[in-house]
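Engineer: I'd like to ask you about the structure that follows.
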Amino acid sequence: MLNPQLNKNGELQHLLTIEGLPKAHILHILDTASSFVSIGDREVKKVPLMRGKSVFNLFFENSTRTRTTFEIASKRLSADVINLNIAASSSSKGESLLDTIDNLSAMHADMFVVRHAQSGAPYLIAKHLNDTMQPHVHVVNAGDGRHAHPTQGLLDMYTIRHYKKDFSNLTVAIVGDILHSRVARSDIHALTTLGVPEVRAIGPRTLLPSGLEQMGVRVFTDINKGLKDVDVIIMLRLQNERMSGALLPSAQEFFKSYGLTTERLALAKPDAIVMHPGPMNRGVEIESAVADGTQAVILPQVTFGIAVRMAVMSILAGN
Ligand code: CP
């Protein structure tokens with residue numbers, strides 16, 4: 001399977017990654033999300049687009065924002081949502097991932113939303129569903145290892161478009177632990193596909209993966225140079241759970257060299273926005289005054305995430 005997330009007609013069958021996702025699909029998801037944003041302000045926050053469908057949330061890794069907003073999005077689309085408690089499920093007794101999937105499919109699942117510490121786990125499930133002739137069951141990658149977090153990438157693009165209107169004249173800086181970040185990878189693929197002329201990666205050498213330049217990214221190890229005149233700053237969390245070995249002297253040292261402070265924010269354009277996918281470590285990658293300041297759009301990102309996830313699920317469900 002060359003692009004297992006598209007069917008033979010080029011339609012979205014699963015959402016596994018932004019890499020290779022055509023620009024038209026990304027824009028269609030963002031435009032569909034626009035039509036869902038105002039549902040949150042209505043008295044009845046529901047549309048019947050997935051009535052009778054069953055969405056299974058399978059979070060093998062911790063989550064606050066993604067799991068909850070997928071649940072809210074499912075409910076707003078009128079789907080039945082089942083949150084599998086992984087710790088209390090048979091996977092803790094040694095059942096394989098695909099056996100769990102087969103059993104949930106036997107319960108007539110229509111969609112699996114999957115977060116997993118292993119890169120590629122959602123691909124494995126999507127391939128298994130295709131191989132076992134279940135093309136009507138869809139998989140959404142809610143974050144796999146350090147590989148991809150496509151709905152975070154899409155909600156980040158929605159947020160940027162909301163505040164900046166146009167991608168074609170922007171400079172976007174992604175700062176911090178890029179090496180371990182699935183969000184950074186999804187954002188870079190989305191930004192370059194949408195035609196952002198300058199994407200910058202800023203971080204210490206030990207947290208910058210090789211091959212960034214080949215992805216069209218300008219690399220900076222000096223944050224003061226990297227933040228100069230940018231329109232958008234995307235801060236990343238230090239992903240200690242994925243680090244092997246000592247890649248940094250200490251969190252305090254990291255903050256001193258790469259933390260986003262009020263002084264450093266002043267290097268960006270005066271109307272620059274500050275984003276963060278969360279969870280946020282105050283005083284490690286970002287100063288509280290910046291996180292809570294007027295340029296931060298971190299909480300609107302979370303709210304837009306509901307509409308973006310509604311858009312992804314409703315498109316996959318055939319609407
Ligand atoms: N951004 C993000 O994925 O947050 P959670 O880990 O809380 O889902």
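The values are calculated or read from the model by the stated rules, or taken from the named source; none is laboratory data. The structure displayed is predicted, hence computed values, not measured ones. Methodologically, a virtual Cβ is constructed for each residue, glycine included, from the backbone with ideal geometry; neighbour enumeration extends over all protein chains shown. Areas reflect the complete protein model, heavy atoms only, side chains present, ligands, DNA and RNA absent. Shrake-Rupley method; radii C 1.70, N 1.55, O 1.52, S 1.80 Å.
Engineer: Based on this model, can you work out whether residue 124 counts as under 12 Å from residue 58 (Cα atoms) and either surrounded by fewer than 24 Cβ atoms within 10 Å (Cβ to Cβ) or modelled with pLDDT under 95 (or both)?
Structural biologist: Values: under 12 Å from residue 58 (Cα atoms): no; either surrounded by fewer than 24 Cβ atoms within 10 Å (Cβ to Cβ) or modelled with pLDDT under 95 (or both): yes.
No.
Engineer: Out of all the residues in segment 34-65, which are among the acidic types (Asp, Glu) and either open to solvent by 70 Å² or more (accessible area, probe 1.4 Å) or within 12 Å of residue 310 (Cβ to Cβ) (or both)? It would help to see each step written out before you state the result.
Structural biologist: The first filter runs over segment 34-65 and keeps only residues among the acidic types (Asp, Glu), leaving 41, 43, 61.
Selection gives 41, 43.
Engineer: What is the number of the single condition among (1) more than 16 Å from the ligand (Cβ to nearest atom); (2) surrounded by fewer than 21 Cβ atoms within 10 Å (Cβ to Cβ) that residue 138 does not meet?
Structural biologist: (2)
Engineer: Still on this structure, I have one more. Mind listing just one residue for me: the one in segment 295-319 that is open to solvent by less than 20 Å² (accessible area, probe 1.4 Å) and polar (S, T, N, Q) and, of those, farthest from residue 159 (Cα to Cα)?
Structural biologist: 314
Engineer: Turning to a different aspect of this structure: Go through (1) within 16 Å of the ligand (Cβ to nearest atom); (2) in a helix (DSSP H, G or I) and name the single condition residue 31 misses.
Structural biologist: (1)
Engineer: Among the candidates 271, 292, single out the residue that is free of Cβ contacts under 8 Å to residues at least 40 places away in the same chain, open to solvent by 50 Å² or more (accessible area, probe 1.4 Å) and not assigned by TED's automatic domain parsing to the domain that holds residue 138.
Structural biologist: Details: 271 fails: free of Cβ contacts under 8 Å to residues at least 40 places away in the same chain.
Unique residue meeting the criteria: 292.
Engineer: Follow-up question, since we're still on this one. Could you tell me which of the residues 131, 144 is within 16 Å of the ligand (Cβ to nearest atom) and not assigned by TED's automatic domain parsing to the domain that holds residue 273? I'd like the intermediate steps shown before the answer.
Structural biologist: On the way: 131 fails: within 16 Å of the ligand (Cβ to nearest atom).
Among 131, 144, only 144 is within 16 Å of the ligand (Cβ to nearest atom) and not assigned by TED's automatic domain parsing to the domain that holds residue 273.
Engineer: Whether any residue in segment 95-114 is at pLDDT 95 or above, small (Gly, Ala, Ser) and surrounded by 13 or more Cβ atoms within 10 Å (Cβ to Cβ) is what I want to check.
Structural biologist: Yes, that holds for at least one residue.
Engineer: Take residue 53 and decide whether it is at pLDDT 95 or above and more than 16 Å from the ligand (Cβ to nearest atom). Steps first, please.
Structural biologist: Values: at pLDDT 95 or above: yes; more than 16 Å from the ligand (Cβ to nearest atom): yes.
Yes; evaluated as a whole, the condition is true for this residue.
Engineer: Of all residues in segment 58-113, count the ones that are in a loop (DSSP other than H, G, I, E, B) and away from the ligand (no atom under 14 Å from the Cβ). Quick ask: steps written out before the conclusion?
Structural biologist: Step one: list which residues in segment 58-113 are in a loop (DSSP other than H, G, I, E, B), which gives 60-64, 77-79, 85, 89, 94-96, 106-110.
Now restrict to residues that are away from the ligand (no atom under 14 Å from the Cβ): 77-79, 85, 89, 94-96, 106-110.
Residues that pass the stated criteria total 13.
Engineer: Can I ask one more? Could you give me the residue pairs with C-beta distances under 7 Å whose first residue belongs to segment 60-73 and is on the phi < 0 side of the Ramachandran plot, whose second residue is surrounded by 18 or more Cβ atoms within 10 Å (Cβ to Cβ) and among the charged types (D, E, K, R) wherever it lies, and which are 6+ apart or on separate chains?
Structural biologist: Note: pairs meeting the criteria are 60/115; 61/115; 63/115; 66/115; 69/309; 70/309; 73/309.
Engineer: Which of the residues that make up segment 276-289 are touching a residue at least 24 places away in the same chain (Cβ under 8 Å), more than 15 Å from the ligand (Cβ to nearest atom) and open to solvent by 50 Å² or more (accessible area, probe 1.4 Å)?
Structural biologist: 289, the sole residue that qualifies.
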